[in-house]
1. Any residue at all in region 156-172 that's in contact with a Cys (Cβ under 7 Å, 6 or more places away or on another chain), assigned to a helix (DSSP H, G or I) and assigned by TED's automatic domain parsing to the domain that holds residue 58?
2. Regarding region 258-265, can at least one residue be identified that is outside the structural domain of residue 44 (by TED's automatic domain parsing) and loosely packed, with under 14 Cβ neighbours inside 10 Å?
3. Here are some residues: 23, 29. Which one is in contact (Cβ under 8 Å) with a residue 12 or more places away in the chain, crowded, with 24+ Cβ neighbours inside 10 Å, within 18 Å of the chain's Cα centre (by Cα) and over 30 Å from residue 242 (Cβ atoms)?
4. I need every pair where a residue in region 56-71 that is closer than 27 Å to residue 104 by Cα and touching a residue at least 12 places away in the same chain (Cβ under 8 Å) has its Cβ under 8 Å from the Cβ of a residue that is of a type in the set (Asp, Glu) and in a strand (DSSP E or B), sequence separation at least 6 or different chains.
5. Out of all the residues in region 133-145, is one or more among the aromatic types (Phe, Trp, Tyr), in contact (Cβ under 8 Å) with a residue 12 or more places away in the chain, touching a strand residue (DSSP E or B) at 6+ places or on another chain (Cβ under 6 Å) and outside any loop (DSSP other than H, G, I, E, B)?
6. Of all the strands (runs of 3 or more DSSP E) wholly in region 316-428, which have at least 1 residues that are closer than 18 Å to residue 240 by Cα, in the same structural domain as residue 274 (by TED's automatic domain parsing) and out of contact with any helix residue (DSSP H, G or I) (no Cβ under 6 Å at 6 or more places or on another chain)?
7. Can you tell me which of 233, 192 is under 21 Å from residue 284 (Cα atoms), hydroxyl-bearing (Ser, Thr, Tyr) and assigned to a loop (DSSP other than H, G, I, E, B)?
8. If residue 222 satisfies every condition in (1) outside any helix (DSSP H, G or I); (2) crowded, with 24+ Cβ neighbours inside 10 Å; (3) not hydroxyl-bearing (Ser, Thr, Tyr) but one, which is the exception?
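The values are calculated or read from the model by the stated rules, or taken from the named source; none is laboratory data. Quick caveat, the model's predicted, so the values are computed rather than measured. Backbone-built Cβ (ideal geometry, glycine too); neighbour counts: all protein chains shown.
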Amino acid sequence: MIKSVSGAGSLKGTLRLPPDKSISQRAAIFSLLYEGESRIGNYSQAQDPQSTLRCVQQLGAKVKEDSGILIVEGKSRAGIVEPKQDLDCGNSGTAMRLLSGVLVGAGISAKLIGDASLCGRTMTRIIEPLEAMGAHILARNLAYAPLFINRIDSLRPMDFELPVPSAQLKSCILLAGLFGEEKTRVIEKLPSRDHTERLLDLDQKKEKGEKIISASLADEIPEQSYTIPGDFSAAAFWLVAGVIQEDAEILIENVGLNPTRNALLDILGDMGADITIENERMEGAEPVGNIIVKGSDLKAIQIAPEIIPNCIDELPILSVAMLFAEGTSTISGAGELRHKETDRIMAISKMLKAVGANFEEQKDGLIIHGDPEFTFQSAEFDSFHDHRIAMASAVLSLKGKEDSMIKDAESAAVSYPAFWEDLHQLTG
């Protein structure tokens, strides 16, 4: 689908965002491990969480919906069943990596498959530590899905130092560790998203600047009954759309404000953005609030490697903010972007090139020479079937003088099914 987006003189309105994908998927998987009924409010209807939910059902969970509440009857760690068919993770790397940990820990044989994009992403990072725990895993070219996970009789606990700050890798090892008699410990030098630790209430401690998270059979799996907050990664598009538009005021309600996810708030704040947070509160284990964003005068910023894990998903849209900031901005240490749904550094470069931006592509990032007065007539954008590139291109299109075109715009539905309707609401 090709979508046409017109330039906008103003952006006004109130939005409620789609549920957080990362939390939704964890809620489904952790509900499977819990023995009993969990009631999950605002579960995501996006493709990835729905793929995860179907996999959880194949592993024995019973799922039904009642008045908008997803009810999942979990089987406990001991009650997980061997699936009769392949576990199709769709486009979800979260599903494939987290479920691999569950299957290895539970001693369940299964085949994990996915779409072409997912099967093009390396799984080496989870295969190697899981095999060190005793797993038997067959993978295409030793690295790619489909993954064949074969039954093991016993799990070897381990101390695992995260080689990169990856929440999916961390969660995979901890989930396998939940089935061990002895503790498995994950040692984290740089912070990554902490939803797994929060939702499972795992033991955490700090030693010499490192965080150590432990998991074993002794950990009681908590009931997963809470309301999923709005996805901060979805809010990011409207935060940037608001700050780069001179006449803008957008209220975004019930947004997840997890401190390991919302570095973009601090980044935009340092750039001079007019952003206010109201009604901060807790929903289960996660902080939530309302965000008000208004048109702002932005200045350039340098994004250091240690900040990248906390804003990795927001870098495509952050590059748009940098384009309209005064001065030269840099993103470095973001090589992980080249291994997402597409090579996102390449895709961002193509997006910027389409409007005639002044920038340089680096191996692990970008240098963007911003200008608050930057203008362009129109552009044709290729989303590369990547939801975040499609939505970032749409926000950039709002600054065009004429209509711009976005190829494969339907990819936004992977994380934000109502994106185009919300865009119309703000510009209407």
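1. Kept after step one, since they are in contact with a Cys (Cβ under 7 Å, 6 or more places away or on another chain), are these residues of region 156-172: none.
Scanning region 156-172, I find no residue that is in contact with a Cys (Cβ under 7 Å, 6 or more places away or on another chain), assigned to a helix (DSSP H, G or I) and assigned by TED's automatic domain parsing to the domain that holds residue 58, so the answer is no.
2. Looking only at region 258-265, we keep the residues that are outside the structural domain of residue 44 (by TED's automatic domain parsing), and these are 258-265.
Within this subset, residues satisfying the condition of being loosely packed, with under 14 Cβ neighbours inside 10 Å are 259.
Looking for residues that are outside the structural domain of residue 44 (by TED's automatic domain parsing) and loosely packed, with under 14 Cβ neighbours inside 10 Å, one finds at least one in region 258-265, hence yes.
3. Exactly one residue qualifies, and that residue is 29.
4. That search, which allows pairs on different chains as well, returns 61/73; 71/37; 71/65.
5. Of all residues in region 133-145, those among the aromatic types (Phe, Trp, Tyr) come to 144.
Next, from what is left, pick out any that are in contact (Cβ under 8 Å) with a residue 12 or more places away in the chain: 144.
From what is left, the residues that are touching a strand residue (DSSP E or B) at 6+ places or on another chain (Cβ under 6 Å) are none.
No, region 133-145 contains no residue that is among the aromatic types (Phe, Trp, Tyr), in contact (Cβ under 8 Å) with a residue 12 or more places away in the chain, touching a strand residue (DSSP E or B) at 6+ places or on another chain (Cβ under 6 Å) and outside any loop (DSSP other than H, G, I, E, B).
6. On the way: elements: 327-331, 359-362, 365-370, 380-382, 404-407.
Where strands (runs of 3 or more DSSP E) fall fully within region 316-428 and carry at least 1 residues being closer than 18 Å to residue 240 by Cα, in the same structural domain as residue 274 (by TED's automatic domain parsing) and out of contact with any helix residue (DSSP H, G or I) (no Cβ under 6 Å at 6 or more places or on another chain), they are 327-331, 365-370.
7. Details: 233 fails: assigned to a loop (DSSP other than H, G, I, E, B).
Checking each option against the conditions leaves just 192.
8. (2)
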